[in-house]
Structure formats: structure tokens, C-alpha cells
């Protein structure tokens with residue numbers, strides 16, 4: 001399945017819910033957001049039918065996101081069904097890790113291959129502050145359980161925030177020294193109602209390389225990956241740099257997103273959406289609709305021009 005620019009689209013990121021057990025400052029405004037009514041959210045049955053169509057069209061890599069995907073009831077059962085689809089080669093999840101200790105073994109048995117865990121600080125008080133009440137020990141326990149059951153390689157996603165965690169870069173990088181853990185630094189993106197806050201706190205990921213000149217560049221294995229990887233001289237894991245603001249990677253984009261409301265987003269940083277849920281409920285030809293939509297996928301985003309999307313990140317999926 002190719003778009004009009006010849007890019008092979010084989011990666012689908014699926015938001016299972018807009019709900020989350022944290023309230024991270026860069027994800028949603030302080031007073032929270034209005035939750036989608038249940039009747040607007042894709043049922044797991046609808047979601048499975050849509051996934052089957054995408055897989056038939058060439059999607060072989062699927063990632064479940066949220067909100068917090070583990071907050072969605074029935075997630076383990078859904079993963080068990082999706083993992084049995086013959087053409088699915090990689091099944092992953094992005095989670096905040098709070099519930100991971102509880103779910104890790106069941107997820108592994110259901111067929112989940114690996115997890116990405118959002119973690120912006122190793123300081124308990126700072127974690128509580130940025131998440132507005134989260135407990136760091138829950139995440140650390142979740143990471144250990146994921147390692148234990150084999151949901152690997154584990155990737156830690158760290159949003160770099162000026163004046164907050166830029167003094168922890170070295171400590172976070174050191175997580176890659178003795179464990180097969182990749183730590184990926186992601187530039188703070190101005191999205192939704194938190195856009196102004198994000199712009200004030202933005203710093204370039206180049207600061208990682210400035211602070212750690214001992215990092216060694218790693219040959220790029222997957223050109224569609226947004227991360228450029230490095231490693232410590234004797235490190236087991238890798239250090240990833242993801243620069244959606246200072247360095248676009250649209251040329252090799254291979255992904256599309258499905259929101260929990262059943263809207264297809266061809267680009268994370270675009271307000272354009274296609275209503276797949278409505279088409280499914282009306283009995284329309286989903287294959288035809290998806291293929292026609294992929295043809296309209298944007299060539300690139302325009303964050304550098306100050307064109308920000310209106311939805312909050314919890315409503316889109318990471």
C-alpha cells in the first residue's frame with residue numbers, strides 16, 4: 001500500500017482510548033479534558049474488523065496507544081486475536097507503565113512483542129509533578145516485569161523539557177549501559193491546548209549530544225524509524241534521538257493513525273481526519289476508502305511554520 005509520494009505504508013498506530021490514569025502537562029491541560037462518550041468510541045469488535053482490513057492491505061506493524069491503552073477493558077483479548085493474523089509481524093504497545101506490572105505476563109502470553117514506556121524523569125518528586133500525581137515506583141516495577149517476561153527490547157520514551165529534565169540526560173542515558181534498554185529522547189511537540197506551554201519549554205535534542213560527546217553513532221537499520229541511534233562505548237542498549245521539530249523525518253514516513261473514535265489520521269500533525277467508524281457502520285467499502293485516503297497522505301508536516309493541531313495528545317494516540 002503506497003501513498004502518492006511512493007512511500008510504503010505498513011505501520012498502523014491505534015489509540016484504544018482517550019482516557020488515562022495520568023495527567024501529563026504536555027499531554028492535556030491542567031483541568032483535564034472532556035472524555036469522549038462511550039458510544040463514540042470504537043468497540044473492540046469494530047476495531048478488530050478495521051484492523052483486519054488494514055492488514056489485508058499491507059499493514060504488518062501495529063502499535064496500541066492511548067490515552068493509556070491498559071486502561072481499556074478487553075485489551076488482552078484484542079491483542080490475542082490480532083496476534084493471530086498471519087501478516088502481522090510486529091505487535092507493540094506504548095504505555096505509561098503504571099499498570100504494566102499487573103498486565104505484562106498476560107500481554108506476553110496474548111502475543112504482544114514489546115513495549116515502549118513513557119518516562120520523563122527518574123526523580124520521584126519531579127515525576128509526580130509532570131504527571132500531576134503519578135507514582136514513579138509503579139513505572140519502575142513495570143519495567144522490571146516487562147524485562148522478566150520478555151516484552152523486549154524495551155524502549156523508554158523521554159520527552160526533553162527545558163528546565164525540567166535536561167539535567168537528567170546523563171542519568172537516563174546510563175540506563176542503556178547494562179541493560180538491553182533503548183532510551184529515546186523526543187523533542188517537546190506543541191500539540192492541542194498544551195501548545196503554548198510546550199513552546200516555552202522546548203529545547204533541541206542536540207543538547208543530548210552536547211552533554212555526552214562519548215556517544216557513538218549506530219548505523220541506521222530502518223530508514224522509516226524517526227529515531228537516529230547512538231550508544232555508549234560499552235553500552236548494551238541504544239540512545240535514540242527523535243527530532244520532529246528541529247529535523248523533520250517525513251520523507252520516510254510509513255505510518256498512519258487510527259483514533260479511538262475511529263478517525264484515520266494520515267499525519268500526526270494534521271487536523272485532517274477520515275471517519276472510518278461511520279463508514280463501517282454504513283456498510284461502505286473500507287478497503288476502497290482506506291486506499292483512497294492513503295493517496296491523500298500529506299508529504300510533510302508544517303510545525304516549523306507554527307501550524308499546530310487542535311486535538312490533545314491523549315485524544316490522538318502517541
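Can you say what percent of the DSSP beta bridges in the chain, counting only those with both residues inside, are antiparallel? Round to 5. Walk me through the intermediate numbers first.
Values: 11 of 42 bridges.
The antiparallel fraction comes to roughly 25 percent.
Which value in deg cm²/dmol, rounded to the nearest 500, describes the helix-derived mean residue ellipticity at 222 nm for the chain, given -39,500 (n - 2.57) per DSSP H run of n ≥ 4 and division by the residue count? Kindly include the intermediate steps, with their values, before the conclusion.
On the way: 12 runs with 95 residues, N = 318.
Roughly -8000 deg cm²/dmol at 222 nm, from the helical runs in the chain.
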At a 10 angstrom cut-off on C-beta neighbours, averaged per residue, how do the peptides 107-118, 161-172, 279-290 rank from highest to lowest? 107-118, 161-172, 279-290
Taking only Cα atoms of the stretch 213-305, what ratio of Rg to Rh do you get with Rh as the Kirkwood inverse-distance radius? 1.13
Burial order of peptide ranges 130-139, 94-103 (average beta-carbon count within 10 Å, highest first): 94-103, 130-139
Segment residue 60-residue 39, length gained on full extension (0.36 nm per residue, minus Cα span): 4.7 nm
Fully extended contour minus Cα-Cα distance, from residue 295 to residue 86, at 0.36 nm per residue: 72.7 nm
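Please state the relative contact order of the stretch 46-186 as a whole percent: Cα pairs under 8 Å, 6+ residues apart?
21
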For the chain, the percent of all C-alpha pairs falling in each 20 Å bin, from 0 up to the bin holding the max distance, is 33, 62, 5
Directionally averaged projected area (convex hull, Cα atoms, the stretch 1-139), nm²: 9.7
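Give the peptides 44-55, 219-230, 149-160 in descending order of average Cβ contacts within 10 Å, highest first.
Values: 44-55: 17.8, 219-230: 14.2, 149-160: 20.3.
In decreasing order of mean packing, 44-55, 219-230, 149-160 become 149-160, 44-55, 219-230.
Rule-based calculations on the coordinates, nothing more; no lab input. These numbers were taken from a predicted model, which means no experiment stands behind them. We place every Cβ from the backbone using ideal geometry, glycine too, and count neighbours over all the protein chains shown.
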